[in-house]
1. Using Cα centres only, tell me the gap between the stretch B:66-91 and the stretch B:1-34 in whole Å.
2. Considering the dipole of chain B built from charges on the beta carbon (Lys and Arg +1, Asp and Glu -1) around the Cα centre, which of B:N71, B:Y10, B:S93 is farthest to its positive end?
3. Around A:T65, with a cut-off of 14 angstrom between Cβ atoms, what is the net charge of the other residues, counting Lys and Arg +1 and Asp and Glu -1?
4. For B:K1, which lysines qualify as cross-link partners when the Cα separation must be under 28 Å and same-chain residues fewer than eight apart are set aside?
5. Within 10 Å, count the other beta carbons around each residue, average over each peptide in B:44-53, A:10-19, and list them highest first.
6. Treat the count of other C-beta atoms within 10 Å as a stand-in for reagent exposure and order A:L99, B:L96 from fewest to most.
7. For the protein assembly as shown, compute Rg over Rh where Rg is the Cα radius of gyration and Rh is the Kirkwood radius from the inverse mean 1/r over Cα pairs.
8. Residues with beta-carbon under 12 Å from that of B:V78, excluding B:V78: net charge, scoring Lys, Arg +1 and Asp, Glu -1?
Amino acid sequence: GENVEQHPSTLSVQEGDSAVIKCTYSDSASNYFPWYKQELGKRPQLIIDIRSNVGEKKDQRIAVTLNKTAKHFSLHITETQPEDSAVYFCAALEYGNKLVFGAGTILRVKS
Amino acid sequence: KAGVTQTPRYLIKTRGQQVTLSCSPISGHRSVSWYQQTPGQGLQFLFEYFSETQRNKGNFPGRFSGRQFSNSRSEMNVSTLELGDSALYLCASSWLGREGGETQYFGPGTRLLVL
């Protein structure tokens, strides 16, 4: 089955800097890759997603890139703000509607 | 539109008991998936229901079961609770859960503590 690895497990950046989180997946058949943000005590919320027919997608300060050949995808957050502090999860759609998640990255933005 | 809701939000049970958790999807959504979240294992897929049928199942023992009703509301049941079942149980809904990926919207979760 699908396996998703996520790095780093923790990331500290200064406010205004960029943050990059990387994920690799194992199943070349996977074609949908969402990213979720989970604040302490709250539900995971989708922040951006990408499908396998696209190499990059941007939404304001957030961007995701996908390299199907290498089977990895990355989340880029520019101009980080304290409210970006949270746990970020990448995921890959295995089959049907089953999401396989990475272990998560704790992002701390220091002001 | 109201978001995904889950009840109860918190539960405390003892080993050997059983528990039923409920999930109401976003209006119009027909696919409901369940995930278990723990510090050690992260987010793991339990099962998915569509039109009252289980379409997909994760690698959990048979003590974990679920069902979906005609209004798309879903319940999951855990029998003979074990300490390791303590977790945040999240449900997520999407329109049809089609191949190619649809956004899954998560509920707030039910936090289960087994003593």
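Taken together, the values in this text are just the output of simple stated rules run on the coordinates, not laboratory data. Here the structure is a predicted model, which is why all the values come from computation and not from measurement. So basically every Cβ, Gly included, is an ideal-geometry build from the backbone, and we count neighbours across all protein chains shown.
1. A separation of 7 Å, based on Cα centres.
2. My answer, from the dipole projection, is B:Y10.
3. Spelling it out: positives minus negatives among the neighbours equals +3.
4. A:K37, A:K42, A:K57, A:K58, A:K98
5. Listed from highest to lowest mean packing, they are B:44-53, A:10-19.
6. Fewest-to-most Cβ neighbours within 10 Å comes out as B:L96, A:L99.
7. With Rh from the inverse mean 1/r over Cα pairs, Rg/Rh is 0.97.
8. Summing Lys/Arg as +1 and Asp/Glu as -1 gives 0.
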